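The values are calculated or read from the model by the stated rules, or taken from the named source; none is laboratory data. These numbers come from a predicted model, not from an experiment. All Cβ positions, even for glycine, are placed from backbone atoms using ideal geometry, and neighbour counts span all protein chains on display.
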Amino acid sequence: MSEPLLRVSGLTKHFPVRTGFRATGLVRAVDGLDFAVRPAETLGLVGESGCGKSTTGRMLVRLLEPTAGRIEFAGRDITHAGRRELRPLRQDLQIIFQDPYASLNPRHTVGRIVAMPLRVNGIDPPGGVRRRVQELLELVGLNPEHYNRYPHEFSGGQRQRVGIARALALRPKLIVADEPVSALDVSIQAQVVNLLRDLQRDLGLAFVFIAHDLAVVRHFCQRVAVMYLGRIVEIGDRADIYERPRHPYTRALLSAIPDATRLGPGGRIRLTGDVPTPLNPPSGCRFRTRCPKARDICATEEPALVPRDGSGQSVACHFPEPDGAGDFPGHDGAGDFPEPDGRDAAGASGAEVTA
């Protein structure tokens, strides 16, 4: 096994709440994350809105300063690195933003937007910047002749491809993709996800893929981390998470996947109550206020994220499920997950996402 490209230990981000000039509390957006991403690996971050996924992604590329914890990239501690120290690392660590229009400057042409990382870092590629930008546009499925067009002249899917081309300009080793397809139509989502998958395979990229759509995560990611209220409650290989979920919250998420072969809500796990506020999270296990398996120990002792049964699947639960295979809608227990190289268990080429 290769050494991790990215390693996160105890990563924390608290936002102060102020009334006038006085701090009255803390929003615990992210509260102690531990995970690693190896070269050419794809890790998916999933969970309800407000659980801290996007905040985590922005801390990984140092757009937000962590409150506590440690971020190591390529064996180097970048937790509190300054702008001068981060500049050479920006070539290896990039981000794709959620909104493909808000992340592009409407006053700049597409050519200037994609060329900006090259100019800022003083890179003069063979053949010139313009040729390199046109190659990148062609790589992501756009016409190189669109070099002088502006963002408003493109569709949403095309704008997202421009954002991907910009992220690829410096040939990074890791890309944080923050909801890269959530604002797109279903057919365009399929095109963008397949594009990212091809780029990951051909260029050897590592991804931290943040998404709500569990079907997209299942198709694209090799490992999955499930977040709830600023913490990771379960992490493991794709097959383990989707076929054998151990945490009650993971099971509830997977039960919400629409299944066209079934009518009605049969098998759906419905959680009662609202998500607690990160201003005052519950003591002990943060999921206990909505968990049907909660006991007294859940209110007094926070469960650690540890491997269960000696496997690589880690769960933060005092009473994990022994085996969740096939117990929720949308899964028939078949091992139909494509391998990281794009092939399934039988060796056949993995199918593309279709709308």
- [ ] Would you please list the contacts, defined by Cβ atoms under 9 Å and residues six or more apart or on different chains, that run from a residue in the range 183-194 that is under 10 Å from Val216 (Cβ atoms) to a residue that is at pLDDT 80 or above and charged (D, E, K, R)?
- [x] Gln189/Asp213; Val192/Arg161
Task: Criterion: surrounded by 14 or more Cβ atoms within 10 Å (Cβ to Cβ) and at pLDDT below 65 - qualifying residue of Asp344, Asp332, Asp259, Asp323 - done: Asp344
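Got a sec? Which of Leu33, Leu43 is out of contact with any Ser or Thr (no Cβ under 9 Å at 6 or more places or on another chain) and assigned to a strand (DSSP E or B)?
Numbers: Leu33 fails: out of contact with any Ser or Thr (no Cβ under 9 Å at 6 or more places or on another chain).
Of the residues listed, the single one that is out of contact with any Ser or Thr (no Cβ under 9 Å at 6 or more places or on another chain) and assigned to a strand (DSSP E or B) is Leu43.
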Task: Qualifying positions in the range 75-113 - under 22 Å from Arg159 (Cβ atoms), aliphatic (A, V, I, L, M) and buried (at least 16 other Cβ atoms within 10 Å of the Cβ) - done: Ile95, Ile96, Leu104, Val110, Ile113
Task: Total residues in the range 280-305, condition at pLDDT below 90 and in contact with a strand residue (DSSP E or B) (Cβ under 7 Å, 6 or more places away or on another chain) - done: 0
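Please verify whether Leu229 is at pLDDT 90 or above and over 24 Å from Cys317 (Cα atoms), treating the condition exactly as stated. Let's see the steps before the verdict.
Numbers: at pLDDT 90 or above: yes; over 24 Å from Cys317 (Cα atoms): no.
Judged against the criteria, Leu229 is not a match.
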- [ ] Return the residue satisfying two criteria in turn: it lies in the range 13-35 and is under 14 Å from Leu229 (Cβ atoms) and of a type in the set (Val, Ile, Thr), and of such residues it is surrounded by the fewest Cβ atoms within 10 Å (Cβ to Cβ).
- [x] Val27
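Output the number of residues of the range 46-55 satisfying the condition of being part of a loop (DSSP other than H, G, I, E, B) and touching a Lys or Arg at 6+ places or on another chain (Cβ under 7 Å).
Quick first cut of the range 46-55, residues part of a loop (DSSP other than H, G, I, E, B) only: 47-52.
With the extra rule that they be touching a Lys or Arg at 6+ places or on another chain (Cβ under 7 Å), the set shrinks to 47.
Result for the range 46-55: 1.
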- [ ] Hey, can you tell me all the residues within the range 153-190 that are surrounded by fewer than 18 Cβ atoms within 10 Å (Cβ to Cβ), within 28 Å of Gly122 (Cα to Cα) and out of contact with any helix residue (DSSP H, G or I) (no Cβ under 6 Å at 6 or more places or on another chain)?
- [x] Arg171
